[in-house]
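Following: one structure in structure tokens, then a few remarks.
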Amino acid sequence: MADETIGIVGAGIVGLATGREIALRRPGTRVVVFEKEQQVSLHQTGHNSGVVHAGLYYTPGSLKANLTVRGVALLREYCQDRGLPYRETGKLVMAVRQEELGRMENLYERAKNNHVPDLRRVSKDEIKELEPHAGGIAALHSPRTAITDYPAIARAFAKDIADSGGEVRLGFPVTGITGVPGGIEVASGRPAEPPAEGQGRVKVNRLILCAGLQSDSVARLAQDTREPRIVPFRGEYMLLKPDRTHLVRGLIYPVPDPRYPFLGVHFTPRVDGTVEVGPNAVLALAREGYKLTEVSPKDLLGLAAYPGSWRMAARHWRTGVKEYRGSLSTRAFMRDAARYVPGVGARDVVRGGAGVRAQALDRDGTLVDDFRIHQVGRLTAVRNAPSPAATASMAIAEHIVDAVFGDA
């Protein structure tokens, strides 16, 4: 139907990429993106590390694997066309202990199955050629892994939507989603009070939920399934002091632990010339809790009441203790990092920013690894889209649009 209106909840990079994809492929369709904040990409997108992942880590055949590899190509082309930053710095995934070599070899086979381009094994001597100040006994080198500016990309997507005749409606917190004849009504504001400026009710023919940290809460408004729930993990960063940034040329990562969906503390050059060290992964006390002192009683009660939270804690409490130790102590934080760049310590860094990852959790305590997207009638809900969702955003948008309009 050429004159449809499609609503999207959430102006992060996935929501905006989806809006842009609809406008591109469905001329005449009006796109309206609803965003509770006064600017786009304020949360996960705006606190992203900027890494364009090549697809090393993900289970072959999974949505993550397929959409990440496709997303890299789309993102690279888009950045080139729009003059946005995109630098192939390369990445070393480095083993520092003998017992990590088996995991590194498994990762190599997985990455080859995912068709990661130009990936190769490198020896200790070759590590020094690529990263003179790095430690490690062996590594995988992914030369096509890149860095970019995701908030700038999100703003460009928003402009594309506006240029196509669509709208990004800021300051519109969604408080109600109701099925009505021929579509869905999206409401903002308290039912018993007059709507504030810019709020009210909007009817759309179809609705796509890309609400990130609030994805389960918004899905409940639409009577979608109650699981998975979102558990917020805060990732904290250190910054190398300016006179120490020369110690790192490209991205330096540890060999990940397959039992845990986080990649561990790593070194990340940014497009602005700074170098981040991190992140750790600690349970945030608020969904938008970017500081240790930010606490939401509502979010804490929701976590405490969910059986999956306790089952997750029983499985991962040792890792949690270690991560909190690093959160409270710069020296402890940098102790792990120094295994990859020896000689770098607490004196070489200052506290940087933090982000909060929307990690979906099933009732049995399993941290959901793959992207998870539900579709019920006129509603499509993105229920889990953690890293590398920014890398894969344009491919996720293609996948969503195929599903919504039956083009798959």
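The numbers here are math on the coordinates, done by the rules we state, and not lab data. Worth saying up front: this structure is predicted, and the values here are computed from it rather than measured. Ideal geometry is used to build each Cβ from the backbone, glycine not excepted, and the neighbour counts take in all protein chains shown.
How many angstrom separate the Cα center of the range 123-158 from the Cα center of the range 1-52?
28
Charges at C-beta only: +1 for Lys and Arg, -1 for Asp and Glu. How large is the resulting dipole of the range 91-143 about its Cα centre, in Debye rounded to 20?
Working: 9 positive and 9 negative charges, 25 e Å.
Here the range 91-143 has a charge dipole of around 120 debye.
Angle check, please: helix 63-82 long axis (alpha carbons) against the longest principal axis of the chain (alpha carbons), in degrees 0 to 90, nearest 10.
With rounding to tens, the tilt is 90 degrees.
Based on the alpha-carbon gyration tensor of the range 91-143 and its eigenvalue square roots a ≥ b ≥ c, which shape applies: rounded if a/c is under 1.5, prolate if not and a/b is larger than b/c, or oblate?
On the way: a/c = 2.85, a/b = 1.32, b/c = 2.16.
The shape class here is oblate.
Where does the chain land at 222 nm, in deg cm²/dmol rounded to the nearest 500, when only DSSP H runs of n ≥ 4 count, each adding -39500 (n - 2.57), divided by all residues? Numbers along the way, then the final one.
Numbers: 10 runs with 130 residues, N = 408.
For the chain, the value works out to -10000 deg cm²/dmol.
Among (1) 43, 29, 20; (2) 36, 24, 19; (3) 35, 28, 19, only one was calculated for this model; which label is it, if the read-out is semi-axes √(5λ) of the Cα gyration tensor in Å?
Matching the structure shown: (2).
Between Arg120 and Ile137, what is the label-point separation in nm under the 7 Å Cα-to-beta-carbon projection?
2.3
Give me the net charge of Val218's neighbourhood, meaning all other residues with Cβ under 11 Å from the Cβ of Val218; Lys, Arg count +1, Asp, Glu -1. Working shown, then result.
Values: positive: Lys36, Arg220, Arg383; negative: Asp216, Asp224.
So the surrounding residues net to +1.
Rounded to the nearest 20 Debye, what is the dipole magnitude of the chain about its Cα centre when Lys and Arg each give +1 and Asp and Glu each give -1 at the C-beta?
Values: 54 positive and 45 negative charges, 177 e Å.
The calculation lands at about 860 debye.
Measure out, as a whole number of angstrom, how far apart the alpha-carbon centroids of the range 324-365 and the range 54-109 sit.
Between the Cα centre of the range 324-365 and that of the range 54-109, the gap is 21 Å.
Mind running the shape call on the range 259-381? Use the C-alpha gyration tensor, a ≥ b ≥ c as the square roots of the eigenvalues: rounded below 1.5 for a/c, prolate if a/b tops b/c, oblate otherwise.
Working: a/c = 1.99, a/b = 1.68, b/c = 1.19.
It comes out prolate by the Cα gyration axes.
Which of rounded, prolate, oblate describes the range 318-408, given a ≥ b ≥ c as roots of the alpha-carbon gyration tensor eigenvalues and a/c under 1.5 marking rounded, otherwise prolate only if a/b is larger than b/c?
Values: a/c = 3.81, a/b = 2.35, b/c = 1.62.
Prolate, because a/c is 1.5 or more and a/b exceeds b/c.
Taking H placed 1.01 Å from N in the peptide plane, check which residues at least 5 places from Val31 or on another chain put their amide H under 5 Å from its amide H.
Result for Val31 returns Ile6, Gly166, Glu167.
Of Gly377, Gly55, Gly15, which is the most mobile in a GNM of the chain whose springs link Cα atoms less than 10 angstrom apart?
So, out of Gly377, Gly55, Gly15, the one fluctuating most is Gly377.
Quick one: if the Förster radius is 56 Å, what FRET efficiency do Arg339 and Asp3 give, using the C-beta to C-beta distance and rounding to 0.05? Please report the intermediate quantities before stating the final value.
Values: r = 59 Å, r/R0 = 1.06.
For R0 = 56 Å, the calculated efficiency reads 0.40.
Can you order the peptides 307-320, 171-184, 202-215 by their average number of other Cβ atoms within 10 Å per residue, highest first? Working shown, then result.
Values: 307-320: 14.5, 171-184: 16.0, 202-215: 23.7.
Going by the mean number of other Cβ atoms within 10 Å, highest first, we get 202-215, 171-184, 307-320.
Once the dipole of the range 230-367 is set up with Lys and Arg at +1 and Asp and Glu at -1 on Cβ about the Cα centre, which of Tyr253, Gly273, Pro232 lies farthest towards its positive end?
The Cα lying farthest towards the positive end belongs to Tyr253.
With springs only between Cα atoms under 10 Å, which of Ala139, Ala156, Ala73 fluctuates most in a Gaussian network model of the chain?
Ala73
Starting from 0.36 nm per residue, how many nanometres of slack lie between Thr330 and Gln39 once their C-alpha separation is accounted for?
On the way: separation 291, 0.36 × 291 = 104.76 nm, distance 3.24 nm.
Between Thr330 and Gln39, full extension yields 101.5 nm more.
Multiply the residue separation of Val321 and Glu77 by 0.36 nm, subtract the distance between their alpha-carbon atoms, and state the gained length in nm to one decimal.
Residue separation times 0.36 nm, minus the Cα-Cα distance, leaves 83.6 nm.
Give me the percent relative contact order of the range 91-143, please, defined on Cα pairs under 8 angstrom at least 6 residues apart.
Numbers: 69 pairs, mean separation 28.2, N = 53.
Computed over the range 91-143, the figure is 53 percent.
Between Glu88 and Arg347, what FRET efficiency follows from the Cβ-Cβ distance if R0 is 30 Å, with the result rounded to 0.05? Working shown, then result.
On the way: r = 31 Å, r/R0 = 1.05.
Computed FRET efficiency for Glu88 and Arg347 comes out at 0.45.
How big is the antiparallel share of DSSP beta bridges in the chain, given as a percent to the nearest 5? Write out the running numbers ahead of the final one.
On the way: 49 of 68 bridges.
Roughly 70 percent of the DSSP beta bridges within the chain come out antiparallel.
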